[in-house]
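Worksheet: the structure to be examined is printed underneath.
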């Protein structure tokens, strides 16, 4: 239906794959540092974006747009300031929210399995086990959010290394002629 062509050069594929491998190794070997770097980068991005939005709100003459940019700038500025000053708090907070979400999901799963059993569904033992497992995992994530942040960064590092290796192999196999290096979707 849609004919999409993306041209990629051999050099760009190889360079991006090497960068992916390096970032994956860093995330895998230093998960806490990688988590703090991402958190601090997000905080600085919000802080600088908030300052730009605040400056922009005073430069416009439109009352409505100035107010929107003012509130957005204040929100981004203060949220960025808090993240930059307390990055560990925000890492813990996000993983505690993920734990709460897992617990809620587990209870909802158990609810739906019991509703299905009321309508005559059989062989629901694995579904009940899955719901209970979700609840247990939710409490584990809430109990140790920093360990879970490290685990997620290690998994991210492994995925980046794998993606980089696959991309590197793809880049090495690519032909040098640019007209033949199309990815068709």
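The values are calculated or read from the model by the stated rules, or taken from the named source; none is laboratory data. Values in this document were obtained by computation on a predicted structure and should not be read as measured data. FYI the Cβ positions are ideal-geometry reconstructions off the backbone, even for glycines, and counts take in every protein chain you see.
Some points to look at:
- Within region 4-60, if we keep just the residues that are exposed (fewer than 14 other Cβ atoms within 10 Å of the Cβ) and within 21 Å of residue 174 (Cα to Cα), the residue that is modelled with the highest pLDDT turns out to be 19.
- Residue pairs meeting the criteria (Cβ under 9 Å; at least 6 apart or on separate chains; first modelled with pLDDT of 95 or more, in region 61-85; second surrounded by fewer than 16 Cβ atoms within 10 Å (Cβ to Cβ) and outside any helix (DSSP H, G or I)): none
- Test: residue in region 92-101 that is in contact (Cβ under 8 Å) with a residue 60 or more places away in the chain and loosely packed, with under 15 Cβ neighbours inside 10 Å: no
- Among the residues making up region 166-185, a single one is outside any loop (DSSP other than H, G, I, E, B), exposed (fewer than 10 other Cβ atoms within 10 Å of the Cβ) and modelled with pLDDT of 55 or more: 173.
- Within region 116-154, considering residues that are more than 22 Å from the chain's Cα centre (by Cα) and outside any helix (DSSP H, G or I), the one nearest to residue 91 (Cα to Cα): 124
- Residue 51 assigned to a helix (DSSP H, G or I), in contact (Cβ under 8 Å) with a residue 24 or more places away in the chain, more than 21 Å from residue 162 (Cβ to Cβ) and more than 24 Å from the chain's Cα centre (by Cα): yes
- Hits in region 71-88 (condition: closer than 9 Å to residue 50 by Cα and more than 21 Å from the chain's Cα centre (by Cα)): 72, 73, 74, 75, 77, 78
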